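Before any comments, here is the structure.
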Amino acid sequence: MSKPAFSFEFFPAKTEQGHEKLLSTYDELNKLSPAYFSVTYGAGGSTRSRTLDIVQALSARSETEIAPHMSCIGDDKAQIAELLEFYKSLGIRRLVALRGDLPSGQVGMGELPFAVDLVKFIREYSGDHFHIEVAAYPEMHPQARSFEFDVDNLVNKYRAGANASITQFFYNADSYLYLRDTLEKRGIDTIAQPLVAGIMPITNSSNLIRFADSCGADIPRYVRKRLADFGDDSKSIREFGFDVVYRLCERLMSEGVPAMHFYSMNKVEPNKRLVEALGLTV
């Protein structure tokens, strides 16, 4: 059985010190030979300049592909086209196309209100130049009116020209497998158009729970209870978290997951430990 591909997500650092630390983190994780690194983009492009800076720095640092996130909500087509041209000038061939969140106080959705509109525009403007990844939600997008509606939206993004999708993080493998099987029934070949599993390492109890609650990701009751039992014992939290995520990845691999995208939180560990323990670098 072939091993799944793997990749990492970064977010732009807010300070020069953070930027330098991120470059060091990149150098360490890049030694593992990931397929690519993605770089996030804040609500309404709120981290635009920092995103562009880190994308430019990383793309010049090695041959490993860099995949900038692009959000469309609140932006017009001219702004998106300008960004596409900039990425072409850097030799970028991969993008993560998202709707994004409307910044606080901003009124109006812009010319491209949804991710499917962004995917269509990228294809119309740039043809097949970019490999496009989109977001998928095994436990349903928190704003979707139903699971079926959410699947319809994902199918439409594939049909608009998306090459693959990356899931929101999850800890219940069955939720990923159910979405995969549902897509197959809807005519999406999840090998040719992969459903990439988004993996979030567990290192901090309060941050994880707050993040999960804000984006609609489910943390199984046994995980919440165990994390609560550990209190401030950060070492026990890290070891338990590693075990939970390692077992999740093992199950996904046994089910033929095509690729895993690790939400690195700009850290070397535990991402390096997980990738090596799973044998992905061998």
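The values are calculated or read from the model by the stated rules, or taken from the named source; none is laboratory data. Keep in mind that this is a model prediction, so the values were computed, not measured. A quick note on method: Cβ atoms are made from the backbone with ideal geometry, for glycine too, and the neighbour counts reach across all protein chains shown. Side chains included, ligands, DNA and RNA excluded: accessible areas come from the protein's heavy atoms. Shrake-Rupley method; radii C 1.70, N 1.55, O 1.52, S 1.80 Å.
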Sulfur and carbon atoms: percent of accessible area, the chain [1.4 Å]: 48
Taking springs between alpha-carbon atoms closer than 10 angstrom, which of Cys215, Cys249, Cys72 fluctuates most in the Gaussian network model of the chain? Cys215
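Determine the dipole magnitude for region 152-282: charges of +1 sit on the beta-carbon of Lys and Arg, -1 on that of Asp and Glu, nothing else is charged, the reference point is the Cα centre, and the result goes in debye to the nearest 20. It would help to have the intermediate numbers written out before the result.
Values: 17 positive and 16 negative charges, 35 e Å.
It comes to approximately 160 debye.
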For region 183-227 the trypsin sites (Lys or Arg not before Pro) that pass both the DSSP coil test and the at-most-15 other-Cβ-within-10 Å test are Arg186
Computed magnitude of the charge dipole of the chain (debye, nearest 20; Cβ of K, R +1, Cβ of D, E -1): 240
Whole Å is fine, so just give me how far the alpha carbon centre of region 238-282 lies from that of region 165-234. 12
Below 24 Å Cα-Cα, how many Lys pairs turn up in the chain? Only count pairs eight or more apart in sequence, or on different chains, if you could. 22
Rounded to whole Hz and in sequence order, give me ³J(HN,Hα) for region 204-216 from the Karplus expression 6.51 cos²θ - 1.76 cosθ + 1.60, θ = phi - 60°, writing x for Gly and Pro. 9, 5, 5, 5, 5, 5, 5, 5, 5, 5, 6, 10, x
For region 148-154, take each phi angle, set θ = phi - 60°, evaluate the Karplus expression 6.51 cos²θ - 1.76 cosθ + 1.60, and give the result in whole Hz per residue in order, putting x for glycine and proline. 4, 4, 5, 5, 3, 5, 5
Label model pair Asp213, Asp128: point-to-point distance (7 angstrom along the Cα→beta-carbon line) in nm is 4.8
Among Phe211, Ala67, Ala5, flag the residue with its Cα farthest along the positive direction of the charge dipole of region 5-278, charges on Cβ as +1 for Lys/Arg and -1 for Asp/Glu. Phe211
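Do any trypsin sites (Lys or Arg not before Pro) in region 11-86 lie in a loop, going by DSSP, with at most 15 other beta-carbon atoms within 10 Å of their beta carbon, and if so which?
Values: sites: Lys14, Lys21, Lys31, Arg48, Arg50, Arg61, Lys77; in loops: Lys14, Lys31, Arg61.
Within region 11-86, the qualifying trypsin sites (Lys or Arg not before Pro) (loop, at most 15 other Cβ atoms within 10 Å) are Lys14, Lys31, Arg61.
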Counting other C-beta atoms within 10 Å, and keeping those with at most 12, which DSSP coil trypsin sites (Lys or Arg not before Pro) do you find in region 119-162? Arg145
Out of Thr15, Pro220, Phe230 - ranked by how far each Cα lies towards the positive end of the dipole of region 5-278, with unit charges on the beta-carbon of charged residues - the top one is Phe230
Quick one: if the Förster radius is 35 Å, what FRET efficiency do Arg48 and Ala192 give, using the C-beta to C-beta distance and rounding to 0.05? 0.60
Relative contact order as a percentage, the chain, C-alpha pairs under 8 Å and 6+ apart, gives 21
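For a test of the definition: using alpha carbon positions, the gyration tensor, and the 1.5 limit on a/c, classify region 71-196 as rounded, prolate or oblate. Before the final figure, lay out each step's value.
Working: a/c = 2.10, a/b = 1.38, b/c = 1.53.
Because a/c hits 1.5 or more and a/b fails to exceed b/c, region 71-196 counts as oblate.
Can you give the accessible area per residue of the chain, in Å², using a 1.4 Å probe? Write out the running numbers ahead of the final one.
On the way: 13140 Å² over 282 residues.
Roughly 47 Å² per residue, with all protein chains present.
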Out of Leu83, Leu52, Ser38, whose Cα points farthest toward the positive end of the dipole of region 1-96 (charges: +1 Lys, Arg; -1 Asp, Glu; placed on Cβ)? Ser38
Per-residue ³J(HN,Hα) for region 60-72, Karplus 6.51 cos²θ - 1.76 cosθ + 1.60, θ = phi - 60°, Hz, x for Gly and Pro: 8, 8, 7, 8, 5, 5, 10, 10, x, 6, 10, 10, 10
Springs between alpha-carbon atoms under 10 Å, Gaussian network over the chain: tell me which of Phe114, Phe211, Phe242 tops the mean-square fluctuations. Phe211
Do the sum for the chain: with -39,500 (n - 2.57) for every DSSP H run of n ≥ 4, divided by all residues, what is the mean residue ellipticity at 222 nm, to the nearest 500 deg cm²/dmol? -14500 deg cm²/dmol
